[in-house]
Amino acid sequence: MIKHAIVGSAGHVDHGKSTLVRALTGIDPDRLKEEKERGMTIDLGFADLASTEVSIGIIDVPGHERFLKNMLAGATGVDAALLVIDAEEGAMPQTREHMAILQLLGVETAVIALTKIDKVDREWLELALDQARELIAGGPWEKAEIVPVSAIAGAGLEDVRAAIFRAAAAAAPKPIDAPFRMTIDRVFPRPGFGTIVTGTALSGVVRLNQRLLILPRGEEARIRGIQSHGKNLEQGVAGQRLAINLAGADKAVIERGCLLAQEGAARATARFNAKVRLLDKPVAHGESPDKLALTHQMRVRVHAGAAEALGRVYLLDEGNLGTGEEGYVQIRLESPLALAQGDRFIVRRYSPLTTLGGGIALDLQPGKYRRRDPETLKRLRGETQLNRLAAILSAMPSGAARKEIQKSHPELTGEEIASALAEGTAIELSDGRLISGAMVERLAGQAFQSIAQYHSKHPLKSGMPIETLRSALKADRATLEAALKGMAGEGKIELLSVGRERRVRLSGFEIAPNAKQQALLTRVMAALDSGGAQPPPLGEVGQQVGAPPQAIQEMVSLGLELGQIAMIDEGLYYTASRLKEIMDRTAEFIRTHGSITAAQLRDELGASRKYAVPLLEHFDSIGFTLRQGDARTLPG
């Protein structure tokens, strides 16, 4: 299966980001007339690369500090960074700021491209390489590949391209099993066609005709069309750049920064508790570290996804936060943002515009603000380890992969997760996701009620089909499987199979036909047995017992539920006792002669080929016999 990943360019203005992207992909990311006139990227640009293993969407961001807001809109969802540094100029303030922002957003994989090497001599290039190594030393990109390149001369282009594919392949994949979320970074109203929105799919799968919410307003829209890199798709998945045609939504409420999401995948909030970390040092040389302080009730700009909101920071810890420090805060916004627990965000000073640091949203429905409240701090700090993971998972209705949780919450240790799994606070599903134990318990309670209602409505059914239960509860297979496994372990339910259908019933439940039904079933079974190995069709059975077709079908269904009748093929039924007799004779024949063919079974049973062939096919399907050419043998 091909992997999808997003690579985001980063770096100072005029260091050659767009030129490099164009040389690598053949696509000009500068799409605006003003960008071409000024020779400078102003808004987000897009391109793509693909190999047999990885499909990459490239987001080209502006390098000028005046357009940092646009850079931030493109940074969310990036899996790997392409940090571009002019070999002649070296790292500049926006180089350092872009790098800091991407690292605060959890981007752990990068390629460093030293551009314009055709303009420097070898000695200068060695100095540039040393400076680049120094820039990334001690951080998450310390082992990033540094690749000298000239986009104009073509030197090093293949090396950069190969390094990008390696970085994208190494980046942690976005969770496909989680609910769908896509941050919207562009909106195109199309009269007669609805509204086209583009963005990066952060998680999950989106399909045609699916209905999603547009947050923070909460308006619902239907998915009319899906494209990725100009190709029409039936579905889009996490890690892709998508263009989605929305129908039924008020285009006036859709703008950059909105989130397209399944219900329950995120919430609109104007107040949340978070853990924040300030930058280790100012991005500009000579800038005072005092500018990085975060003070109580300070007015800030919060960037989450492609959205920006003004708000104030209320400190939950003792004192102000300084350079490189981290702490817990409550952020009160002047307009709501669409967030999920664990989402990362960037905090910038209101004025002058300076990046202060970043954070992780922990509690999207905090109680009344109380500074230095020990219970609030205890919960947020996770002094009770099980509570910390429980709080994280409580906002993830479908859970998430362990790697994704640890990437979003680096403070969580493997030991904490293991303890939570042992205690049942978290549950690991069969597909590898972690999910809240409380959510699985809640689903189990709902399942119990649904099964009980099914028994009430269908007293002659041995159990509720698991697929019917899943559909009724709108649950995914892995989560329902975990809930049923827990219930079975507690003795609340029993799992069974009727033919090829998996079912579930409450412990102690038994089919209890009344005397009239039992008498008619006995007569139907006697009629089926009257033909020996050639049971009569149901029409003849009805004539023998003197009952209408509907009553006969009801009794056959009851016999199937009770395990007293077996369906071999469409319209072909045997009593269980007759079928066992035929199976015993078949096995004895194979043990004596080594194998059996349809013709031999026909002769052995004194039945026509019309019965022998479906019997052997049934035996194959249940693993009783093993087909070898025209003959059957016993397995093992």
Residues listed by number, segment 199-228, amide nitrogen under 19 Å from E263 label point at 7 Å toward C-beta
204-224
At a 10 angstrom cut-off on C-beta neighbours, averaged per residue, how do the peptides 143-153, 227-237, 78-88, 397-407 rank from highest to lowest?
78-88, 397-407, 143-153, 227-237
If every Lys and Arg gets +1 and every Asp and Glu gets -1 at its Cβ, then about the Cα centre segment 3-170 yields a dipole, in debye to the nearest 20, of 380
So what J values fall out for segment 347-359 if you push phi through Karplus, 6.51 cos²θ - 1.76 cosθ + 1.60 with θ = phi - 60°, rounded to Hz, Gly and Pro as x?
10, 10, 4, 5, 6, x, 6, 9, 6, 8, x, x, x
Could you give the size of the charge dipole of the chain about its Cα centre, using +1 on the Cβ of each K and R and -1 on the Cβ of each D and E, expressed in debye and rounded to the nearest 20?
1760
Which listed pairs, of K174/K275; K174/K407; K17/K116, have C-alpha distances above 18 Å, in listed order
K174/K275
Using only the Cα atoms of segment 114-182, what do you get for the radius of gyration and for Dmax, in Å?
16.1, 52
Give me the angle, in degrees from 0 to 90, between the Cα long axis of helix 157-170 and the longest principal axis of the Cα atoms of the chain, rounded to the nearest 10.
50
Once both labels are modelled 7 Å past Cα along the beta-carbon direction, what's the R186-E441 spacing in nm?
4.8
hull vol. (C-alpha, convex hull) per residue for segment 515-633, Å³ -> 94
Mean Cβ count within 10 Å, highest first, over the residues of peptides 303-314, 114-125:
303-314, 114-125
Using mean Cβ contacts within 10 Å as the protection proxy, how do 595-601, 274-280 order, highest first?
274-280, 595-601
Which of Q406, A247, S497 sits farthest toward the positive end of the charge dipole of the chain, with +1 on the Cβ of Lys and Arg and -1 on the Cβ of Asp and Glu?
A247
Taking N as the number of residues in segment 267-379, what value does Rg over Cα atoms divided by 2.2 N^0.38 Å take?
1.00
Summing -39500 (n - 2.57) over every DSSP H run of at least 4 residues in the chain and dividing by its residue count gives a helix-only mean residue ellipticity at 222 nm, to the nearest 500 deg cm²/dmol, of -10500 deg cm²/dmol
For Q210, enumerate residues with amide H under 5 Å from its amide H, sequence gap 5+ or separate chain, H modeled in the peptide plane.
I223
Taking one equal scatterer on every alpha-carbon of segment 181-261, how large is log10 of I(q)/I(0) by Debye at q = 0.23 1/Å?
-1.06
Can you give the angle from 0 to 90° between the axis of helix 93-104 and the longest principal axis of the chain, with both taken from C-alpha atoms, to the nearest 10?
30
Between 0 and 90 degrees, rounded to the nearest ten: what's the tilt of helix 477-489 against the longest Cα principal axis of the chain?
60
If Lys and Arg each add +1 and Asp and Glu each add -1, what is the summed charge of the other residues whose beta carbon sits under 12 Å from the beta carbon of G264?
+2
Taking the square root of 5λ for each eigenvalue of the C-alpha gyration tensor of the chain, the equivalent ellipsoid has semi-axes, largest first and in whole angstrom, of 62, 30, 22
Using the Cα centre of segment 515-633 as the reference point, and only Cβ charges (+1 on K/R, -1 on D/E), how large is the resulting charge dipole? Debye, rounded to the nearest 20.
140
At a Förster radius of 30 Å, what calculated FRET efficiency corresponds to the Cβ-Cβ distance of K610 and N514, to the nearest 0.05?
0.25
Using only the Cα atoms of segment 41-179, what semi-axes does the equivalent ellipsoid have when each is the square root of 5 times a gyration tensor eigenvalue? Give whole Å, largest first.
24, 18, 15
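Since every read-out is calculated from the coordinates, none of them should be taken as a lab result. Small disclaimer: the values here were computed from a predicted structure and weren't measured. Cβ atoms come from the backbone with ideal geometry, glycine included; neighbour counts cover every protein chain shown.
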